[in-house]
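Just below is one structure, and these are the notes that go with it.
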Amino acid sequence: MADMLDSALLWYGAHRRPVNVVLCVAIISLLYVSVLKEDAILHSSERQKQQTAPVPRRNILEAPSEIFENLLRKNVSSFSIDEFKFFLSFKENQYNQRRSRINQFCATQDKGFGLLVRDTSLVFDGADEIAYCQIAKVASSTWCNHFIGLANVTKKEYNKWRNALQLFAPSLWPPPSDVLSQWTDMTSIVIVRHPMARLASVYYQKFIELYQNKGWASVIRTMINKYRGKGEKGPKDQPTPNEFIRYILDDLHKDQNSVDQHWRPQHLSCPFCLLDFSVYARMEELDQDSTYFFAKSNLTSRVNYKQKLNSAHAASSTERQFWSEVEASLVLQLEEPWAYRTDFAMFEYSVETYMAQLGL
């Protein structure tokens, strides 16, 4: 045994340098393998946490809206392909939600609700496979003008109808008798608006700007004679906002269906429960909705969809002035079933939110 140990020591003495190198390499290798193993365990643990940890609720519900709002700060013409795809997808989700809401509302109503197709309400351009249902005082002049432009009418003919675009457009593009069977092939749009913003718009355009028009002058006289008490102040040939709203409410109370189209409830103007529209637009977002509609129908090169008619009186400042002069008791009556309750519910608008946004 002693001889074997002596031999080993003599061998090690003769080969000490290469033996030490081999031992060092072996030790370093063992340490490296150990570190790699520990690192793999740590990474595996992190991956498992990432797979099992729930995605924050904020990312699910708010991120798309935030991305969309940031996107709107850019000009549409500068959108990348992916950004424009996201824009279209986001709007489609909005329209699907609005369609679902309206269909659910229709399902709770009496038989026959929302099925009436009024004369001249539908504009049906079969050549371009687009359709539109117009509602008075909801960008109807602008959108009828778009469809008239697509008909390539002469300037002389246009000038003949320039004060009746809402009649001219459906005469150029009348719906077919079998409109239901062809409707699914069309890219269609209907536009709604907050009922209170719409009323303010009617007042400023028809009863302030056009107060000398013979047709509106007779209505104005009725408003002033019936609703302006002795000693009450107001222009002699224009109604005050309060007088206007009192007249509208009394008119609606008699019969919603027979009132003037400019303040007829919006749900009575288009067949919301008969036809599904591709685009459920809102006046408040009409720039976005117009971009979507004409992009999907491949008509952006043929329609100046940024052109707007009769928009000067639609500023929020005039709306604030209008509603600040209307009695609170009258504002409450707007939500009565015989007034605009259905519009508020069907299109998800609120009196309280609107007044708060105006600072009233």
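Quick note: the coordinates plus some simple rules give every number you see, no bench work behind them. Model, not experiment: these values are computed from the prediction. So basically every Cβ, Gly included, is an ideal-geometry build from the backbone, and we count neighbours across all protein chains shown.
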Next item on the list: In square nanometres and to one decimal, what's the mean projected area of the convex hull around the Cα atoms of segment 112-269?
Entry: 10.8 nm²
Next item on the list: Would you mind getting me the FRET efficiency between Ser65 and Arg320? Use the beta-carbon distance for r and R0 = 30 Å, nearest 0.05.
Entry: 0.65
Next item on the list: Rank-order 168-179, 220-231, 192-203 by packing density, defined as the average count of other C-beta atoms within 10 Å over each peptide's residues, highest first.
Entry: 192-203, 168-179, 220-231
Next item on the list: Evaluate the Debye formula for segment 71-357 with equal point scatterers sitting on the alpha carbons, no solvent, and hand back log10 of I(q)/I(0) at q = 0.09 Å⁻¹, in q order, two decimals.
Entry: -0.46
Next item on the list: Pick out, in residue order, every one of the trypsin sites (Lys or Arg not before Pro) in segment 79-136 that is DSSP loop and has at most 12 other C-beta atoms within 10 Å; say none if there are none.
Entry: Lys111
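Quick one: plug the Kirkwood hydrodynamic radius of segment 149-212 (C-alpha pairs) into Stokes-Einstein at 4 °C, 1.567 mPa s, and report D in µm²/s.
Numbers: Rh = 15.1 Å.
In µm²/s, the coefficient is 86.
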Note to self: Quick query: amide H of Arg282 versus all other amide H atoms, modeled in the peptide plane; which residues come in under 5 Å with a sequence gap of 5 or more or a different chain?
What the structure shows: Val192
Item checked: Cβ-Cβ FRET estimate between Asn257 and Phe79, R0 fixed at 56 Å, reported to 0.05 -> 0.80
Note to self: Per 0.36 nm of contour for each residue apart, how much would the distance between Thr353 and Gln238 grow if the chain were fully extended, relative to their Cα-Cα spacing?
What the structure shows: 38.5 nm
Next item on the list: Using Cα pairs closer than 8 Å and at least 6 residues apart in sequence, work out the relative contact order for segment 71-357, in percent.
Entry: 27 percent
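By the scheme Lys and Arg +1, Asp and Glu -1, what is the net charge of all other residues having a beta-carbon under 12 Å from that of Leu360?
Charge balance near Leu360 sits at -2.
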Next item on the list: Find, to one decimal place in angstroms, the Kirkwood hydrodynamic radius of segment 115-181, where the mean of 1/r is taken over every pair of different Cα atoms and then inverted.
Entry: 12.2 Å
